[in-house]
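Asks: Structure below; questions to follow.
The values are calculated or read from the model by the stated rules, or taken from the named source; none is laboratory data. Not measured: the values here are computed from a predicted model. Backbone-built Cβ (ideal geometry, glycine too); neighbour counts: all protein chains shown. Surface areas here come from the heavy atoms of the whole protein model, side chains and all, with no ligands, DNA or RNA. Shrake-Rupley method; radii C 1.70, N 1.55, O 1.52, S 1.80 Å.
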Amino acid sequence: KPNLSNPWDKAAAGWNDHGDVIRSWLGDVTAAMVNAARITTGSRVLDIAAGAGDQTLDIARRVGVTGHVLATDLSERILALAARNAQAHGFAQVHTRVADAQALEMAGANFDAAVCRLGLMFCAKPLLALTEVRRALKPGGQFSAVVFSAPPQNPCLTITMAIARRYAGLPPAVGAEPGSLLSLGQPGLLAKLLGEAGFVDITVQAVAAPFKLPSSQHYVNFVRAAGSPIIEMLTQCPMEIQQRAWDEMAVALSRFNTDTGWEGPNELLLCGGTAP
């Protein structure tokens with residue numbers, strides 16, 4: 001039974017159902033993240049904020065039967081889907097554990113590598129999460145993560161959030177609030193936090209990750225099913241008001257129509273660091 005007080009439990013099915021869309025969007029950056037973490041055959045890997053486990057499958061494939069992958073997430077429901085997906089692919093080397101990234105409590109676990117794809121920015125105290133990750137790695141262990149970059153480079157997010165806030169009766173956002181989608185996009189912030197958490201050999205690079213779909217309505221359908229922060233913002237509104245918000249988003253986002261479909265700009269930051 002889902003914990004409906006956990007917004008990610010509510011969005012779990014939608015995120016899982018859009019697995020093919022997410023894989024198409026994030027396939028290249030996921031491969032780059034796995035490479036940056038130097039994951040290889042036999043590696044023991046911690047996958048933080050794993051969600052429904054799309055990237056967990058890639059990691060399991062990479063480590064093989066002699067490796068081990070522990071997928072963690074705040075949402076018990078979404079982890080159950082990750083476990084089911086791993087089982088469906090025959091990956092017995094994947095295990096799951098409900099855990100807050102800011103309270104992993106895995107110091108001395110000596111993982112070879114750790115990754116976090118689009119989860120770190122949701123931590124209200126990302127330095128705490130990064131410190132927890134570093135403690136879970138063996139000396140020389142590698143960490144790699146992907147987060148959204150700055151607001152100007154992610155207009156799909158800023159447009160949908162601005163419309164959702166207006167319909168929800170919230171004031172316009174001023175800067176990126178801690179724990180929000182764009183909270184780690186400020187130039188230099190991610191590298192600074194990695195350093196403060198004790199990582200060395202730190203790298204941060206911007207990666208374009210356009211979202212390609214048949215239409216802006218397809219993107220809105222994805223956000224409506226899986227975009228927990230936007231869903232939560234609108235959830236208190238009457239259904240007809242919610243529908244007006246979704247309709248307005250589809251119209252506003254149609255500016256990214258092309259001759260071959262819809263292409264929404266997104267920019268991510270791919271970071272890496274080594275536990276000393």
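Asks: Carbon and sulfur atoms: what percent of the 1.4 Å accessible area of segment 219-259 do they account for?
Replies: That share works out to 51 percent.
Asks: While we're looking at this one, here's another question. Roughly how big is segment 163-276's charge dipole about its Cα centre, with Cβ charges of +1 (Lys, Arg) and -1 (Asp, Glu), in debye to the nearest 20?
Replies: 140
Asks: For segment 74-159, rounded, prolate or oblate, judged on the Cα gyration tensor with a ≥ b ≥ c (square roots of eigenvalues), a/c < 1.5 rounded, else prolate if a/b > b/c?
Replies: Verdict is oblate for segment 74-159.
Asks: Using Cα pairs under 8 angstrom and six or more residues apart, how large is the relative contact order of segment 121-276, in percent?
Replies: With pairs under 8 Å counted, the relative contact order is 42 percent.
Asks: Can you give the accessible area of SER24 in Å² (nearest 10), computed on protein heavy atoms with a 1.4 Å probe?
Replies: Here the residue's solvent-accessible area equals roughly 90 Å².
Asks: Can you tell me the equivalent ellipsoid semi-axes for the chain? Use √(5λ) from the Cα gyration tensor, largest first, whole Å.
Replies: Here the semi-axes work out to 30, 20, 18 Å.
Asks: At 222 nm, what value in deg cm²/dmol follows for the chain if DSSP H runs of at least 4 each add -39500 (n - 2.57) and the sum is divided by all its residues, to the nearest 500?
Replies: -13000 deg cm²/dmol, from helical runs alone.
Asks: Take a quick pass over the chain and tell me how many lysine pairs come in under 28 angstrom between Cα atoms, counting only ones 8 or more apart or on separate chains.
Replies: Going through the chain pair by pair, I get 6.
Asks: Now a separate question. Which of ALA101, ALA209, ALA92 ends up with the largest GNM mean-square fluctuation for the chain, with Cα atoms connected below 10 Å?
Replies: Most flexible of the set in this elastic network: ALA92.
Asks: Can you tell me the relative contact order of the chain? Whole percent, Cα pairs under 8 Å, sequence separation 6 or more.
Replies: Reported relative contact order: 21 percent.
Asks: Hey, another quick one. Report the dimensions of segment 1-108 along its three principal axes from the alpha-carbon atoms, largest first, rounded to Å.
Replies: Sorted from largest, the Cα extents of segment 1-108 read 38, 35, 24 Å.
Asks: Which angle between 0 and 90 degrees, to the nearest 10, do you get for helix 239-253 versus the longest principal axis of the chain when only C-alpha atoms count?
Replies: That helix lies at roughly 80 degrees to the long axis.
Asks: Further question on the same structure: Would you give the gap between the C-alpha center of segment 131-145 and the C-alpha center of segment 34-93, rounded to a whole Å?
Replies: Comparing the Cα centres of segment 131-145 and segment 34-93, I get a distance of 16 Å.
Asks: About its Cα centre, what dipole magnitude does the chain give when the only charges are +1 on Lys and Arg Cβ and -1 on Asp and Glu Cβ, stated in debye to the nearest 20?
Replies: It comes to approximately 340 debye.
Asks: To continue, here is another question. What angle, in degrees between 0 and 90 and rounded to the nearest 10, separates the Cα long axis of helix 126-136 from the longest principal axis of the Cα atoms of the chain?
Replies: 30
Asks: Tell me which of THR158, GLY261, GLY19 sits at the most positive position along the dipole axis of the chain, charges placed on C-beta atoms (Lys, Arg +1; Asp, Glu -1).
Replies: Result: GLY19.
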